Amino acid sequence: MKVTMEFELPEQEPEFNRSANGAKMALMIHDLMEGLRVRYKHKEDLSDEAREECLYIREKIGQMLDDYGLTFLYNND
């Protein structure tokens, strides 16, 4: 299957940029989720409150990804 997307530039430049940079955004979200996971699981000098905040933020981002149908962007472990 082939997919072709066409944009009228410069009028649709914001839409083009979102499409062209979607993979970068997915990678950034993945890295953010992984960074939070590593921080709350492995950072020994992290306070319990900070650990809970990391977990809350990760869960909140995960829920938002679920709501938008983007669950493939993260591993929920």
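Placing a pseudo-label 7 Å from each Cα along the Cα-to-Cβ vector at residue 19 and residue 5 gives an inter-label distance of 0.5 nm. Sorted from longest to shortest, the spans of the Cα atoms of the chain along the three principal axes equal 51, 26, 18 Å.
Between the helical axis of 22-42 and the longest alpha-carbon principal axis of the chain there is an angle of about 0 degrees. Label positions at residue 31 and residue 56, each projected 7 Å from the Cα along the C-beta direction, are separated by 2.6 nm. In the chain, the longest principal axis of the Cα atoms and the axis of helix 48-67 are about 30 degrees apart.
We did not get these values from a lab; they are worked out from the coordinates using the rules stated. Keep in mind it's a predicted model, so treat the numbers as computed, not measured. No Cβ is skipped: glycine too gets one built from the backbone with ideal geometry, and neighbour counts run over all protein chains shown.
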